[in-house]
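What follows is a single structure, written as structure tokens, with notes after it.
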Amino acid sequence: MIKLEEYIPIVGQSVIDDLRLIATRLKGKTIQHINSTSVGGGVAEILSRMVPLLQELGVGARWDLIKGGEQFFEVTKKFHNALHGYPGEITKRDFEIFLETSQQNINEVDTCGNIVFIHDPQPIALVKRRQGNKWLWRCHVDVSDPNEKVWNFLMEYIVRYDAAVFSAPSFSRRLPIRQFLISPSIDPLSDKNKELSQETIDRVLLKYQIPKDKPIVTQISRFDRLKDPLGVIEAYREVKKYINCRLVLAGGGASDDPEGTMVFTQAMEMAKKDKDIHVLLLPQNDIEINALQRASTVIIQKSIREGFGLTVSEALWKAKPVVASNVGGIPLQVKHKYSGLLCHSIQGASFAIKQLLNSPAYAKKLGENGKEHIRNNFLITRHLRDYMLLFLSLYHGEDVVYL
Amino acid sequence: MALILKAKEPFRFYTRLHLSELTGLRATTLDQLVKLIKDVPGSCIYHHTHRFLQQHQFFSPEPPNDFAYWVSEILGEKELGERLASIDIMQFAKIHDLRERIISVIEEYLKEGRFAQLKFAREGEEFYFIKSVSFVIPTNHVADNLADFVEIIKKITFDSIYFHIFEARLRLEKKANDFSNWIENSVGNKELADELAALDPYTRTLDDLRSAIISIINKKLFEQ
């Protein structure tokens, strides 16, 4: 288990001292996180680090899961896509399935925390159990242009919370409850982000038969239409006309995402005639993801919609030059031409990749700036601080709070 | 070594941590922007004139307000952006006065009969109003003299420096920064206090500001 003091060489003693200071104001409170999956995806990843750190700080923290069958997760995936503005029909039966499973969870999940912290839409209806405690809804999804039918359905629950939390300003809208902006984060000490030896990196490249003979362009993401892996292949083909390079598309699946297999198959089909494209469906192996990122010359994140895009933070933390879509939380991480390059299209992505491959000194500078930006704003220590302040804000309504 | 004599009152370092609260208010045009600037809480004006300083604390000095950045980069009104970026925030002891200045700069520009009123932001690039919720917490660091003080300055967080320099001055409507107040009133060194008060924190990164404070105080200690 990683201890707080291990972050001191990265963020400094005073940052950790501040965390301990805030935590004293939360003594005796229990924070109960609830989501739908314990593995796969950014939410589970953050909670697996956040909960033990809160406990080390002396704040009561627990993490519970809701249950749901295949049908339920198919519906919540449809909700997820609809909230991202992706077209698709949501039927009356879909809503019924959601309500039936939600009711089972309402009956079974013990929401005993002083603060119940619900993550994403899957467990949103649990708020019907609300009694005297505080409730927070954490939206990890890009809801800047949601399907109104689904949003209005969820609004019936959202308004029952004390506050909502979003990852980017563009996701906010007028709500009758308080809403806060808190970006997610990466853990610099996790297997996915810690330093690796060249030997480890080479071993992973060998395992997946990726030679180091030419520049490697990589997108690490779940196989999800909204991550646009097919668009990445098109962008790579444009680049390949001028620069001999490889493309690595690698990612795992989340247990609450039944659509992944289909998108993976499409990517495999599109890539099969080019031996320089490596489409890898990885098991949950963070060291391998880390190694692939570190082995890359340029990292791309060409999402169509993005809740936040933590893979961008991961890449920047490794001082890699990044090309990423100007969507969701990505512009918070990439300041165009300073800590990476933003794009709006496949053509834009391929142009930016070419620029970075052809100008290594410029690419290096962008990566270095990016790393400092992540150190200051997107590491788990900042996230922990924001969450503790959020918990305190539930007990203080004023703009300046003296503790 | 007068400067390491015990101060009349010790200096307790505080830290100020902020949480960003979303308002759901957004502007697409300059007209909407100025209208909302008039209506939003002072903590919104504070947030958008100080956010850059904290988020980009190691970057070279950035335009210290979000309004200037949005007007220049999104609406393409570089001249107005420059006018907003060059507002001398040090002149204003109150958020109210800073707000009035921002409004007058935009309104004057709009009156000049330009086509600026016709410009609008693309979807997703609107100006989103956010306000700062501040938590002020006493730290365990206390200085009894200038020598201790400078040692603590070297190790406290940027948030703490930020609180004593920016937050105390403008948001909490104190006339000078806390460091200068203490050095003048408790240490009794007006010259040093004036030197620190004259630092323009808005044109430096927080890292540079810390170095400048340490250097000025060390110089005085060394002279002794």
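General observations
- Positions within the stretch A:128-163 being within 21 Å of the chain's Cα centre (by Cα), of a type in the set (A, V, I, L, M) and part of a loop (DSSP other than H, G, I, E, B), in sequence order: A:Val141, A:Val143
- Boolean, A:Ser170 is in a helix (DSSP H, G or I), touching an Asp or Glu at 6+ places or on another chain (Cβ under 9 Å) and either open to solvent by 30 Å² or more (accessible area, probe 1.4 Å) or under 21 Å from B:Gly124 (Cα atoms) (or both): yes
- Helices (runs of 4 or more DSSP H) completely within the stretch A:330-403 that count 2 or more residues being touching a Ser or Thr at 6+ places or on another chain (Cβ under 7 Å) and buried (at least 16 other Cβ atoms within 10 Å of the Cβ): A:330-333, A:360-377, A:380-393
- Of all residues in the stretch A:333-368, those being under 25 Å from A:Ser183 (Cβ atoms) and of a type in the set (A, V, I, L, M, F, W, C) number 9.
- Here A:Leu384, A:Leu379, A:Leu356 are screened, and the one residue that is away from chain B (no Cβ under 11 Å), modelled with pLDDT of 95 or more and under 20 Å from A:Val217 (Cβ atoms) is A:Leu356.
- Close pairs (7 angstrom Cβ cut-off, 6 or more residues apart or separate chains): within 20 Å of B:Ser134 (Cβ to Cβ) and more than 8 Å from every other protein chain (Cβ to nearest Cβ) in the stretch B:16-40, outside any helix (DSSP H, G or I) and open to solvent by 20 Å² or more (accessible area, probe 1.4 Å) anywhere: B:Val40/B:Thr23; B:Val40/B:Leu25
- Listed by position, the helices (runs of 4 or more DSSP H) inside the stretch B:128-224 whose residues that are within 22 Å of B:Gly42 (Cα to Cα) number at least 3 are B:158-162.
- Matching residues in the stretch A:310-329 - criterion: being part of a loop (DSSP other than H, G, I, E, B) and among the hydrophobic types (A, V, I, L, M, F, W, C): A:Ala319, A:Val327
- Taking the numbered list (1) over 25 Å from the mean Cα position of the chain (by Cα); (2) without any contact (Cβ under 8 Å) to a residue 60 or more places away in the chain in turn, A:Leu181 passes all entries but (1).
- Test for A:Gly68: is it touching a Ser or Thr at 6+ places or on another chain (Cβ under 7 Å), more than 19 Å from A:Ser190 (Cα to Cα) and buried (at least 18 other Cβ atoms within 10 Å of the Cβ): yes
- Filter result for B:Asp159 (surrounded by 17 or more Cβ atoms within 10 Å (Cβ to Cβ), under 23 Å from the mean Cα position of the chain (by Cα) and within 14 Å of chain A (Cβ to nearest Cβ)): yes
- Which listed residue is more than 26 Å from A:Ile287 (Cβ to Cβ) and within 14 Å of another protein chain (Cβ to nearest Cβ), from A:Ser339, A:Ser325: A:Ser325
- Just one of the listed residues (A:Gln284, A:Gln293) is within 28 Å of A:Val39 (Cα to Cα) and open to solvent by 80 Å² or more (accessible area, probe 1.4 Å), and it is A:Gln284.
The values are calculated or read from the model by the stated rules, or taken from the named source; none is laboratory data. Being a predicted model, the structure only gives us computed values, none of them experimental. All Cβ positions, even for glycine, are placed from backbone atoms using ideal geometry, and neighbour counts span all protein chains on display. Note: accessible area is taken over every heavy atom of the protein model, side chains too, but ligands, DNA and RNA are not part of it. Shrake-Rupley method; radii C 1.70, N 1.55, O 1.52, S 1.80 Å.
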